[in-house]
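Down below is the structure, laid out as structure tokens.
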Amino acid sequence: MFRTEASAEPVKYYYSKNTTVVDPEGNTVEWSALRPDMPVTYTYTRDGDRMVITKMTLTKPFKK
């Protein structure tokens, strides 16, 4: 969840089975490789009252 303003309600972002995770070069990364402290950039769409993440891009190279 994120707040866009100090007094605003938090915005919830959802993911689906169609959400993809990629490294900075655009290679697909498995969901199991994600960690809570990994910085990402995400692309989302609005689906009714939900914000659905369509793609998550790791901002740092993925280390295996």
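We did not get these values from a lab; they are worked out from the coordinates using the rules stated. Here the structure is a predicted model, which means the values were calculated and not measured.
Quick one: which residues, 5+ away or cross-chain, put their amide H under 5 Å from the amide H of Val29? H built at 1.01 Å from N.
The answer is Val21, Val22, Asp23.
Tell me, in nm to one decimal, what length is gained between Ser32 and Lys17 on full extension, where the rule is 0.36 nm per residue of separation less the Cα-Cα distance?
Details: separation 15, 0.36 × 15 = 5.40 nm, distance 1.37 nm.
That pair, Ser32 and Lys17, stretches by 4.0 nm at full extension.
Residue by residue through the stretch 20-31, what is 3J(HN,Hα) from phi via Karplus (6.51 cos²θ - 1.76 cosθ + 1.60, θ = phi - 60°)? Round to whole Hz and write x for glycine and proline.
With coefficients 6.51, -1.76 and 1.60, one gets 10, 10, 10, 7, x, 8, x, 7, 5, 10, 5, 4 Hz.
So which aspartates and glutamates can Lys12 reach, going by Cα to Cα under 13 Å and dropping same-chain residues fewer than 8 places off?
Counting by Cα, and skipping residues close in sequence, Lys12 has these aspartates and glutamates nearby: Asp47, Asp49.
How big is the shadow of the Cα convex hull of the stretch 16-64, averaged over all directions, in nm²?
3.7 nm²
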